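Only one structure is covered here, and it is reproduced in the block below.
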Amino acid sequence: MPYAKILSIGSYVPENILTNYDLERIVETSDEWITERSGIKERRIASKDETASILGYKSALKALQKANLDPKDIDLIICATNTPDMQFPATGCLIAGLLNIRVPCFDIQAGCPSVIYALEIARGLIEAKLYKTILLVTTEALSRYLDWTDRSTCVLFGDGASSFILTRSNEPGIISSYLSGDGNLGDLLKFPAGGSKEPASIYTIKNKEHGIRMQGREVFRYAVSYMAESCIKVLEKANMKPEDIDWLVPHQANIRIIDATAEKLNIPKEKVYVNIHKYGNTSAASIGIALDEMIEANLLKRGQNVLIVSFGAGFTWGAIAFRY
Ligand code: ACO
């Protein structure tokens, strides 16, 4: 059976930096509180013209360039996003339009692990030989979805995008995956209004329902437990031990969640990649941004084994083990 292999990764973050000190002027918070509780020092904020599709498109161009491919070489586009340009058309279709190619294109929305879910779908389609070369774009314009008066959420998130090009290969590849979810816990992390349940109205605006609502402490508790569980399950499936892993690249939501997950798995800190201080939580985009940075810095090299893991709104969680 062929493998789905990552041919290239590209990422794009907006130029505009919003520091914790800038946030002190927006809500009642402090650099000390944000750093201590989350590990975040600054985040990127998209400019007026940079929607999720534009951020994603910019990262896709970089991934294509690195793979030495033309947009016409792409057979399918999957876009993983929680912050689409609009309800429809899908952001993946808008990106196909920007790339000026006619291909099947659609979105996946599964909270922060959307990237893990989308990689699993891409892997299935490639292994089944239905598609050969897939562009997977992960993109988030979270700053547009935040309530900038809610200090418990607005300090945590940032904007950014990353793209993967996956192709059929005889060498590994994605080795194993594990996905799970629990829809009964969805109320703990949600964006309440603007859908068919609570269409946008004067009432929903007055009640500030157009923003991320999160019960942080509860989310934290589940995140640590399910991220560690996902890693254990995916390693079991791959017949690997934590020591076989060269890099653990977790979703960048909170440094304390990352540290606790690594500790539970007994993976030393030197093998865990962290960039949350620079970008905050970029949801579905965070893992790809991290991987791209690691490749650019020559930290992640061909042939190394990588474990990626995420947890988020849904709740959803999951992990993937792959050889780069
Ligand atoms: N500045 C100062 N004080 C604040 C801030 C702030 N920005 N935000 C909250 N506080 C206050 C609270 O009001 C509270 O005050 P009180 O004790 O007087 O009521 C106090 O700080 C403690 O608040 P907690 O929420 O209990 O703080 P906690 O230690 O849990 O940290 C945090 C909060 C950082 C949100 C943490 O719970 C967390 O990271 N949770 C998980 C987030 C996550 O992983 N999300 C998943 C992915 S996101 C996705 O899928 C879209």
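Which number comes out as Rg/Rh for the range 199-243 once both Rg and the Kirkwood Rh are worked out on C-alpha atoms?
Ratio of gyration radius to Kirkwood radius for the range 199-243: 1.37.
Can you give the accessible area per residue of the range 3-171, in Å², using a 1.4 Å probe?
43
Give, as a single signed number, the net charge of other residues whose beta carbon lies under 10 Å from the beta carbon of PHE220, with Lys and Arg counted +1 and Asp and Glu -1.
Here the charged neighbours net out to +3.
Give me a comma-separated list of calculated 3J(HN,Hα) values for the range 246-262, in order, Karplus coefficients 6.51, -1.76, 1.60 applied at θ = phi - 60°, integers in Hz, x for any Gly or Pro.
Here the 3J(HN,Hα) series is 7, 9, 9, 10, x, 4, 8, 10, 6, 4, 6, 5, 4, 4, 5, 5, 4 Hz.
HIS277 to ASP182: extension gain in nm, 0.36 nm per residue of separation minus the Cα-Cα distance?
Fully extending the segment from HIS277 to ASP182 adds 31.3 nm.
If we restrict to alpha carbons, what Rg and Dmax does the range 175-323 come to, in Å?
Just the Cα atoms of the range 175-323 yield Rg and Dmax of 17.0, 55 Å.
For the range 195-215 and the range 261-316, what is the separation of their C-alpha centers, rounded to whole Å?
When both Cα centres are located, 32 Å separates them.
Report relative contact order for the chain in percent, whole number only (criteria: Cα-Cα under 8 Å, sequence separation at least 6).
Over the chain, the number comes to 26 percent.
Roughly what % of DSSP beta bridges within the range 3-171 run antiparallel, to the nearest 5?
Details: 20 of 29 bridges.
Roughly 70 percent of the DSSP beta bridges within the range 3-171 come out antiparallel.
In whole Hz and in residue order, list the ³J(HN,Hα) couplings for the range 120-136 that follow from phi through the Karplus curve 6.51 cos²θ - 1.76 cosθ + 1.60, θ = phi - 60°; x for Gly and Pro.
With coefficients 6.51, -1.76 and 1.60, one gets 5, 5, 4, 4, x, 5, 6, 5, 7, 6, 7, 9, 9, 10, 10, 9, 10 Hz.
Mind listing which chymotrypsin sites (Phe, Trp or Tyr not before Pro) in the range 130-185 are in a DSSP loop and have 13 or fewer other Cβ atoms within 10 Å?
Taking the range 130-185 and a limit of 13 other Cβ atoms within 10 Å, the loop chymotrypsin sites (Phe, Trp or Tyr not before Pro) found are TRP148.
What are the principal axis extents of the Cα atoms in the chain, in Å, biggest first?
55, 46, 37
Ignoring the sites themselves, what is the longest stretch of the chain with no GluC sites (Glu not before Pro) in a DSSP loop and at most 16 other beta-carbon atoms within 10 Å?
29-324
Leaving out ligands, DNA and RNA, and with a 1.4 Å probe, what % of the accessible surface on the chain is carbon or sulfur?
Carbon and sulfur atoms account for 50 percent of the accessible area of the chain.
On a full-extension model of 0.36 nm per residue, what is the gain between GLN87 and LYS72, subtracting their alpha-carbon distance, rounded to one decimal in nm?
Length gained between GLN87 and LYS72: 2.7 nm.
Compute the relative contact order of the range 175-323 as a whole-number percentage, counting only Cα pairs closer than 8 Å that sit 6 or more residues apart in sequence.
After rounding, I find 37 percent.
Specify the residue with the greatest mean-square fluctuation among LYS58, LYS233, LYS301, computed from a Gaussian network of the chain linking alpha-carbon atoms under 10 Å apart.
LYS301
Working out 0.36 nm times the residue gap between ARG302 and LYS208, then minus their Cα-Cα distance, what length gain in nm do you get to one decimal? Before the final figure, lay out each step's value.
Numbers: separation 94, 0.36 × 94 = 33.84 nm, distance 4.72 nm.
Length gained between ARG302 and LYS208: 29.1 nm.
By the scheme Lys and Arg +1, Asp and Glu -1, what is the net charge of all other residues having a beta-carbon under 13 Å from that of PRO71?
Here the count lands on 0.
Considering amide H positions built from the backbone, and no H for Pro or chain starts, which residues 5 or more places from ALA80, or on another chain, come under 5 Å of its amide H?
The answer is ILE108, VAL137, THR138, THR139.
So what is the accessible area of the range 175-323 per residue, in Å², with the probe set to 1.4 Å?
Working: 6750 Å² over 149 residues.
Accessible area per residue, the range 175-323: 45 Å².
The values are calculated or read from the model by the stated rules, or taken from the named source; none is laboratory data. Computed from a predicted structure; not experimentally measured. Cβ atoms come from the backbone with ideal geometry, glycine included; neighbour counts cover every protein chain shown. Calculation scope for accessible area: heavy atoms of the full protein, side chains included, ligands and nucleic acids excluded. Shrake-Rupley method; radii C 1.70, N 1.55, O 1.52, S 1.80 Å.
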